[in-house]
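Just below is one structure, and these are the notes that go with it.
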Amino acid sequence: MQGKGYYQGSIDAVVHRGPLLLYSVILLVSTTGGDVTLYDGQDATSGRKVARLEGIADQSTPVSFDGVVLSRGLFIDVGSNVTEYTVIWKAVEGA
């Protein structure tokens, strides 16, 4: 993949299978405290928890990372009251 990619969703999802650099997550929730949890891996059971992000009602909440290496992929576990999220990332080889 050339350049950065993005993924937009509102349900649990495997964003990418394989190594990647995580740059940003933008979260929109309908009720304050709505949340998503990011995992380095393919699911919440075997993946390694990276972060849990909570938002403020009806406000885009951007969270930036400086190219965090996730070696096993990226899984997003959606909690409550999430309207949508957008993830910005870049696939890498052999990370």
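Shape call for the range 46-95 from the C-alpha gyration tensor, a ≥ b ≥ c root eigenvalues: rounded (a/c under 1.5), prolate (a/b greater than b/c) or oblate? Note, shape of the range 46-95 comes out prolate.
For the pair residue 4 and residue 91 in one chain, pulling the backbone fully straight at 0.36 nm per residue adds 30.5 nm over the alpha carbon distance. Length gained on full extension, residue 48 to residue 11: 11.4 nm, using 0.36 nm per residue less the C-alpha separation.
The radius of gyration of the Cα set in the chain, together with its Dmax, comes out at 12.5, 39 angstrom. Residue-wise HN-Hα couplings along the range 40-49, as the Karplus relation 6.51 cos²θ - 1.76 cosθ + 1.60 with θ = phi - 60° gives them from phi, are 7, x, 9, 6, 7, 7, 9, x, 9, 5 Hz; Gly and Pro carry x. Each residue, residue 66 and residue 31, gets one label point 7 Å from its Cα in the Cβ direction; the gap between the two is 3.7 nm.
What ranking do 74-85, 57-68 get when scored by the average of other Cβ atoms within 10 Å per residue, highest first? Walk me through the numbers before you get to the answer.
On the way: 74-85: 18.7, 57-68: 12.2.
Taking the mean over residues of other Cβ atoms within 10 Å, the ranking is 74-85, 57-68.
Applying a 10 Å radius around every beta-carbon, put 41-54, 21-34 in order of their mean neighbour count, most first. It would help to have the intermediate numbers written out before the result.
On the way: 41-54: 14.3, 21-34: 17.9.
Highest-to-lowest ranking by the protection proxy: 21-34, 41-54.
Any read-out appearing in this document is the output of simple, stated calculations on the displayed coordinates, not a laboratory observation. Because the structure is predicted, anything quoted here is derived from the model rather than measured. With ideal geometry, Cβ positions are generated from the backbone for all residues, glycine too; neighbour counts draw on all protein chains shown.
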